[in-house]
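Colleague: Input: one structure, supplied below.
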Amino acid sequence: MSDKIVVVFGATGAQGSSVTKALLEDGTFKVRIVSRDPNKPACKDLEKLGAEVVKADLDDAELLKSAVCGAHAVFLVTNYWEHLSKEKEVQQGKRFADVAKQAGLQHVVFSGLENVYKLTNGKLEVKHFDGKGEIEEYFRQIGVPLTSVRLPFYFENFKSVCKPKKLPDGSGYALGLPMGNVPMHGMAVVDLGPVVVNVLKSPEKYIGKDIGLTAGSWTCDEYAKIISKYTGKNVVDGKMSADAYENLGFPGAVDLANMFRVYTMNILVRDTKLTSQLNANVRNFEEWMQHNKHVFDDL
């Protein structure tokens, strides 16, 4: 193990826990994790595995400075869904970028996304993308060595926000992805960890790059058929439109509808080959379903 410290933000969340575990398993770097509550059980579990745990918050510049003190690199994730405010997410990202610059960090791997508003010349706004795009730009503007890893749709979303819904006639379940017949890129968020480890181990190769991750792409009908195959339940394409999705009315529905609209435009770069080079064990949707079919037991 080198003396180089990698600091992981969001270490008890979906992305950060995957990155933390992969770093600890790999053993190249010392691992420091950041939490607003270092005493929570998930932090204690990671501490037992060898991580140092520190208290910090993206809203507190002084705590951020102490969290990255003496560090070599950082994995940063910001969470729009926590507060549904693009402005707050951008403020947090810029605050951290200023701290990173001051601390002289050698490498920041940021869980970024495209600035869709810019990409579509103002036609579409996807706030949880656009804020991350603005943060990416700011890091580069002030000269912090950055790699952006851009995730596609998480397979894990099928367990929650995109779980199949019972058909009114009781004949099965509908998958509500407003994609028409356009294939949608996807990946298991738990497969992010090894990608980030390999990016951190080859900074000369990846600093300055935007890496569009994906394990492959499938149509809504194909996703539904694979879920059916492994659950034994009749799951079909719900043929939902983006307009209907937008009108579901839950917080963030408009933002997600616009995300699906962008997905159908095929303007986001996602690279299957590069993803599998960075994580040789990345799973496609069928492989993910084989190990996760139990989450659909309560359908």
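The values are calculated or read from the model by the stated rules, or taken from the named source; none is laboratory data. All values derive from a computational prediction rather than experimental measurement. With ideal geometry, Cβ positions are generated from the backbone for all residues, glycine too; neighbour counts draw on all protein chains shown. These accessible areas exclude ligands, DNA and RNA; they are computed on the full protein's heavy atoms, side chains included. Shrake-Rupley method; radii C 1.70, N 1.55, O 1.52, S 1.80 Å.
Colleague: How big is D, in µm² s⁻¹, for the chain by Stokes-Einstein at 25 °C and 0.890 mPa s if Rh is the Kirkwood radius over C-alpha pairs?
Modeller: Details: Rh = 20.0 Å.
It diffuses with D of about 123 µm²/s by this estimate.
Colleague: Calculate the FRET efficiency for K101 and S241 from the Cβ-Cβ distance with a Förster distance of 35 Å, rounded to the nearest 0.05.
Modeller: According to the calculation, E is roughly 0.20.
Colleague: Provide the descending list of Cα extents for the stretch 113-203 along its principal axes, expressed in whole angstroms.
Modeller: Sorted largest first, the three principal extents are 58, 35, 20 Å.
Colleague: Return the distance in nm (one decimal) between the two label points of a simple spin-label model at K123 and A14, each offset 7 Å from Cα along Cα→Cβ.
Modeller: If labels sit at K123 and A14, their model points lie 2.8 nm apart.
Colleague: Now for a different question. Using +1 on the beta carbon of Lys and Arg, -1 on that of Asp and Glu, and nothing else charged, what's the dipole of the stretch 1-113 about the Cα centre, debye to 20?
Modeller: 80 debye
Colleague: What angle do you read, to the nearest 10 degrees and between 0 and 90, between the alpha-carbon axis of helix 14-26 and the longest principal axis of the chain?
Modeller: 60 degrees
Colleague: Something else now. Counting only C-alpha contacts under 8 Å and six or more residues apart, can you give the relative contact order of the stretch 1-132 as a whole percent?
Modeller: Working: 223 pairs, mean separation 29.2, N = 132.
Contact order relative to length: 22 percent.
Colleague: Dividing the Cα radius of gyration by the Kirkwood radius, what Rg/Rh value follows for the stretch 1-98?
Modeller: Rg/Rh for the stretch 1-98 comes to 0.96.
Colleague: Only helical DSSP H runs with n ≥ 4 go in: add -39500 (n - 2.57) per run for the chain, normalise by residue count and round the 222 nm mean residue ellipticity to 500 deg cm²/dmol.
Modeller: So the calculated ellipticity at 222 nm is -12000 deg cm²/dmol.
Colleague: Carbon-plus-sulfur fraction of the accessible area of the stretch 1-96, 1.4 Å probe, in percent?
Modeller: Roughly 48 percent, rounded to a whole number.
Colleague: So what is the relative contact order for the stretch 155-203, in percent, with contacts set as C-alpha pairs under 8 Å and at least six apart?
Modeller: Across the stretch 155-203, relative contact order equals 31 percent.
Colleague: Now a separate question. When ligands, DNA and RNA are left out and all protein chains stay put, how many square angstrom of accessible area per residue does the chain have with a 1.4 Å probe?
Modeller: Per residue, the chain has 45 Å² of solvent-accessible surface.
Colleague: Mind counting lysine pairs for me in the stretch 139-258? Cα separation below 21 Å, and the two need to be 8 or more apart along the chain or on different chains.
Modeller: For the stretch 139-258, the number of qualifying lysine pairs is 20.
Colleague: Mind running the shape call on the stretch 191-299? Use the C-alpha gyration tensor, a ≥ b ≥ c as the square roots of the eigenvalues: rounded below 1.5 for a/c, prolate if a/b tops b/c, oblate otherwise.
Modeller: Values: a/c = 2.41, a/b = 1.38, b/c = 1.74.
Note, shape of the stretch 191-299 comes out oblate.
Colleague: Determine the shape class of the stretch 27-77: with a ≥ b ≥ c the square roots of the Cα gyration tensor eigenvalues, call it rounded for a/c under 1.5, and otherwise prolate if a/b is greater than b/c, oblate otherwise.
Modeller: Oblate is the answer for the stretch 27-77, as a/c is 1.5 or above yet b/c matches or exceeds a/b.
Colleague: Here's a follow-up. Please work out the Cα center distance from the stretch 183-219 to the stretch 258-297, rounded to the nearest Å.
Modeller: 10 Å
Colleague: Kindly express, to the nearest 10 degrees and within the range 0 to 90, the angle between helix 127-141's C-alpha long axis and the longest C-alpha principal axis of the chain.
Modeller: With rounding to tens, the tilt is 30 degrees.
Colleague: Under the 0.36 nm per residue contour assumption, what length would be gained going from the current alpha-carbon distance of K48 and E82 to full extension? Don't skip to the answer; put the middle values down first.
Modeller: Details: separation 34, 0.36 × 34 = 12.24 nm, distance 2.75 nm.
Computed gain between K48 and E82 is 9.5 nm.
Colleague: For the stretch 122-251, which whole percent of the accessible surface, found with a 1.4 angstrom probe, sits on carbon and sulfur atoms?
Modeller: Ligands and nucleic acids excluded, carbon and sulfur reach 52 percent.
Colleague: Taking the 0 to 90 degree range and rounding to the nearest ten, how far is the long axis of helix 253-265 tilted relative to the main principal axis of the chain, both from C-alpha atoms?
Modeller: So the inclination is approximately 80 degrees.
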